[in-house]
Amino acid sequence: MYEKEISRRRTFAIISHPDAGKTTLTEKLLLFGGAIQVAGAVKSNKIKKHATSDFMEIERQRGISVATSVMSFEYKDTLINLLDTPGHKDFAEDTYRTLTAVDSVILVIDSVNGVEEQTRKLMEVCRMRDTPVIVFVNKLDRDGKFPFDLVDEIEKELKISLHPLSWPINMGKEFKGVYNLYDKNLLLFTPSQKATAENTVPINDLSDKLLDEIVGERDANQLREDVELLEGVYGALDTEDYLAAKVAPVFFGSAVNNFGVKELLDTFIRIAPIPKSRETDKRVVAPTEEKFTGFIFKIHANLDPRHRDRIAFLRVCSGKFARNTFYHHTRLDKDVRFSNPYSFMAREKDVIEEAFPGDVIGLFDTGNFKIGDTLTEGEQLQFTGIPTFSPELFKELVNKDPMKTKQLEKGIRQLTDEGVAQLFTQHGGNRKIIGCVGELQFEVIQYRLLQEYGASCSFVPLAFYKACWITGDKKAIDDFVRFKQSNVMEDKDGNLVYLAQSEWFLNTERQNNPKIEFHFTSEFKTAMAK
Ligand code: G4P
């Protein structure tokens with residue numbers, strides 16, 4: 001069923017360390033897709049590094065980011081769903097979850113800075129899920145690292161094998177263009193904000209004297225040498241290796257100059273995966289199945305207390321989603337329907353009648369959803385592969401108004417359902433610890449509990465290093481829990497979690513408890529813990 005719709009869809013995300021050029025590249029892609037007409041139309045939703053802890057401003061910007069959360073556009077008969085990811089590291093969890101909803105990613109690397117901290121973390125998530133990656137090395141108009149060094153660095157640091165599909169001629173002021181190794185043509189660089197096709201020269205044979213005429217003898221010879229080396233090392237790209245996430249094709253360009261972007265997009269639609277099968281707790285669901293299934297990977301709350309609605313983002317995994325149709329919410333075991341589901345074509349929110357595998361739709365939610373929830377046509381299954389990662393900061397939640405205990409409990413439950421933070425409750429007690437990736441989330445929680453639930457709270461910082469989900473031999477676990485009572489918590493689903501004070505403590509516990517496994521994510525099958 002719906003094969004035609006499925007095969008024309010590509011759902012992906014662009015990831016990068018802040019400032020590498022994600023927003024700029026997004027904008028250029030949208031220009032090609034005709035989704036926007038002029039450069040500058042995409043509001044940068046990134047939160048600048050130097051942003052103060054003025055989180056209201058950040059939330060306002062996140063408000064903008066609802067509109068740009070998903071950008072769908074058509075390009076050469078392909079329907080492209082581009083999922084945006086927040087740049088600020090305090091919202092890294094949001095990005096990880098978004099990566100569970102895509103079939104591939106484009107990774108932007110700044111040629112000057114090379115691999116940066118966020119890039120490493122994001123790639124780790126891609127590797128866990130075997131997500132196919134295309135690398136775009138950006139800012140070739142600046143004096144960056146040498147391409148061979150960069151390729152080396154990316155391969156080593158990100159533990160992936162690369163396969164250059166284009167190769168630059170110089171960089172910075174001397175940057176002359178890129179040679180497309182696949183199409184065998186030369187794209188000449190002229191700094192410009194406009195997309196142009198006319199500066200492409202076909203050079204089937206690199207010994208052609210035309211090359212010397214265009215770029216000069218020295219650079220022509222250098223390119224010949226480089227290409228010979230590249231072809232000797234890499235040969236032709238095997239798309240299967242890319243689809244299996246074994247090899248990542250690489251392009252060089254300059255997003256702000258719209259250079260190399262079209263080549264990237266053309267290759268992307270040719271090789272990027274169509275919507276893939278997905279695992280559930282029961283079986284693998286193929287996109288071509290007749291019956292609809294989908295899961296929630298992101299929930300966005302409206303901060304305005306007069307409009308308490310939330311938007312749940314659902315990725316369609318199989319069949320056809322239709323408006324005003326009852327679907328089964330498998331966690332709550334109840335049927336729900338949506339009268340105003342919307343799509344994100346060209347940044348306009350449009351009510352849609354139907355959606356197909358690969359599509360992302362926005363559903364109004366009054367508190368029924370949490371991250372990972374699954375909708376089906378009745379089958380009792382739950383999509384997996386949407387793990388929670390260990391938070392980096394831990395604080396104890398202190399209720400400042402005992403009269404509002406109920407509101408506080410409800411508020412914190414709902415906020416953690418949205419994925420704002422993680423809640424750990426003392427095993428056999430009521431002590432509550434909140435775990436976050438960044439400081440900002442604590443401010444968000446405090447503010448929202450007061451504004452939306454009338455509950456005031458404060459936080460006491462705790463010196464924990466990591467939360468580890470524990471599994472293993474029942475007796476060993478029981479003993480461990482008894483012995484380590486003050487460090488063992490339960491997550492929201494009742495799983496046992498050990499809070500380690502330091503790496504040393506964790507290693508010691510690992511050694512002392514060989515029958516217990518310590519995992520850094522809530523999904524043990526794909527655990528990152530070694
Ligand atoms: P991000 O979303 O990954 O955080 O990065 P963004 O696209 O906002 O780009 C970060 C900065 O890098 C921007 O400059 C942008 O103009 C610049 N940039 C993007 N692509 C290129 C490129 O190919 N070459 C060069 N030289 N610069 C590039 P900014 O000064 O921070 O912002 P703006 O005032 O230019 O918007």
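Quick check on my filter: what residues within region 144-183 are in contact with a helix residue (DSSP H, G or I) (Cβ under 9 Å, 6 or more places away or on another chain), in a helix (DSSP H, G or I) and of a type outside the set (Val, Ile, Thr)? Residues satisfying the conditions are Pro147, Phe148, Glu157, Leu158, Glu174. For region 1-24, the set of residues classified as over 21 Å from Lys320 (Cβ atoms) and open to solvent by less than 40 Å² (accessible area, probe 1.4 Å) consists of Phe12, Ala13, Ile14, Ile15, Ser16, His17, Pro18, Ala20, Gly21, Lys22, Thr23, listed by residue number. Any residue in region 167-180 that is within 16 Å of the ligand (Cβ to nearest atom) and open to solvent by 70 Å² or more (accessible area, probe 1.4 Å)? Taking every residue of region 167-180 in turn, at least one turns out to be within 16 Å of the ligand (Cβ to nearest atom) and open to solvent by 70 Å² or more (accessible area, probe 1.4 Å). Quick one: would you say Ala467 is under 30 Å from Arg310 (Cβ atoms) and surrounded by 14 or more Cβ atoms within 10 Å (Cβ to Cβ)? Yes; evaluated as a whole, the condition is true for this residue.
Somewhere in region 31-39, is a residue modelled with pLDDT under 75, in contact with a Ser or Thr (Cβ under 9 Å, 6 or more places away or on another chain) and more than 14 Å from the ligand (Cβ to nearest atom)? Yes, the conditions are met somewhere in region 31-39.
Across region 200-256, which residue is surrounded by the fewest Cβ atoms within 10 Å (Cβ to Cβ) among those that are closer than 13 Å to Lys176 by Cα and among the small types (Gly, Ala, Ser)? Among those that are closer than 13 Å to Lys176 by Cα and among the small types (Gly, Ala, Ser), it is Gly216. Out of the residues in region 234-255 that are at pLDDT 90 or above and part of a helix (DSSP H, G or I), state the one that is nearest to the ligand (Cβ to nearest atom). Filtering first and then ranking leaves Ala255. Specify the residue that is nearest to the chain's Cα centre (by Cα); the eligible residues are those in region 101-111 that are assigned to a strand (DSSP E or B) and within 16 Å of the ligand (Cβ to nearest atom). Checked region 101-111; the qualifying residue nearest to the chain's Cα centre (by Cα) is Val105.
Based on what the data block shows, is Leu122 in contact with a helix residue (DSSP H, G or I) (Cβ under 7 Å, 6 or more places away or on another chain), under 17 Å from Asp19 (Cα atoms) and not basic (Lys, Arg)? Reasoning before the result, please.
Numbers: in contact with a helix residue (DSSP H, G or I) (Cβ under 7 Å, 6 or more places away or on another chain): yes; under 17 Å from Asp19 (Cα atoms): yes; not basic (Lys, Arg): yes.
Considered against the rule, which asks whether it is in contact with a helix residue (DSSP H, G or I) (Cβ under 7 Å, 6 or more places away or on another chain), under 17 Å from Asp19 (Cα atoms) and not basic (Lys, Arg), Leu122 comes out as yes.
Give Asp152, Asp143, Asp84 a once-over and let me know the one that is more than 26 Å from Gly385 (Cα to Cα) and within 11 Å of the ligand (Cβ to nearest atom). Exactly one residue qualifies, and that residue is Asp143.
Yes/no matrix, rows are residues, columns are (1) at pLDDT below 90; (2) among the aliphatic types (A, V, I, L, M); (3) not assigned by TED's automatic domain parsing to the domain that holds Gly419:
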| site | (1), (2), (3) |
| --- | --- |
| Val488 | no, yes, no |
| Gly494 | yes, no, no |
| Ala500 | no, yes, no |
| Trp504 | no, no, no |
| Asn507 | no, no, no |
| Arg510 | no, no, no |
| Asn513 | no, no, no |
| Thr526 | yes, no, yes |
| Ala529 | yes, yes, yes |
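Quick one: would you say Arg127 is among the charged types (D, E, K, R), within 14 Å of the ligand (Cβ to nearest atom) and not in a strand (DSSP E or B)? For Arg127, the condition - among the charged types (D, E, K, R), within 14 Å of the ligand (Cβ to nearest atom) and not in a strand (DSSP E or B) - is not met. Scan region 257-277 for residues that are open to solvent by 40 Å² or more (accessible area, probe 1.4 Å) and either within 16 Å of the ligand (Cβ to nearest atom) or closer than 15 Å to His163 by Cβ (or both) and the total you get is 3. Here Asp141 meets the list (1) part of a loop (DSSP other than H, G, I, E, B); (2) without any contact (Cβ under 8 Å) to a residue 60 or more places away in the chain almost entirely, failing just condition (2). What are the pairs, 6+ residues apart or on separate chains, where a residue within region 354-372 that is in contact (Cβ under 8 Å) with a residue 24 or more places away in the chain has its Cβ under 6 Å from a residue that is surrounded by 23 or more Cβ atoms within 10 Å (Cβ to Cβ) and hydroxyl-bearing (Ser, Thr, Tyr)? Short answer, once both residue conditions are applied: Pro357/Ser318; Gly358/Thr11. Among the residues of region 414-455, those that are of a type in the set (S, T, N, Q) and either under 16 Å from Asp493 (Cα atoms) or in contact with a Leu (Cβ under 8 Å, 6 or more places away or on another chain) (or both) comprise Gln414, Thr416, Gln422, Thr425, Gln426, Asn430, Gln451. Quick check, is Glu231 among the acidic types (Asp, Glu) and under 22 Å from Gly21 (Cβ atoms)? No, not satisfied. Criterion applied to Thr26, Thr98, Thr11 was being away from the ligand (no atom under 15 Å from the Cβ), modelled with pLDDT of 85 or more and either touching a strand residue (DSSP E or B) at 6+ places or on another chain (Cβ under 9 Å) or within 26 Å of Thr388 (Cα to Cα) (or both), and the one residue passing it is Thr11. Which of the residues belonging to region 195-216 are in a loop (DSSP other than H, G, I, E, B) and at pLDDT 80 or above? Asp205, Leu206, Ser207, Asp208, Gly216 - these are the residues of region 195-216 that are in a loop (DSSP other than H, G, I, E, B) and at pLDDT 80 or above.
The values are calculated or read from the model by the stated rules, or taken from the named source; none is laboratory data. Here the structure is a predicted model, which means the values were calculated and not measured. Using ideal geometry, Cβ is built from the backbone for each residue, glycine included, and neighbour counts are taken over all protein chains shown. The accessibility values were calculated without ligands, DNA or RNA, using every heavy atom of the protein model including side chains. Shrake-Rupley method; radii C 1.70, N 1.55, O 1.52, S 1.80 Å.
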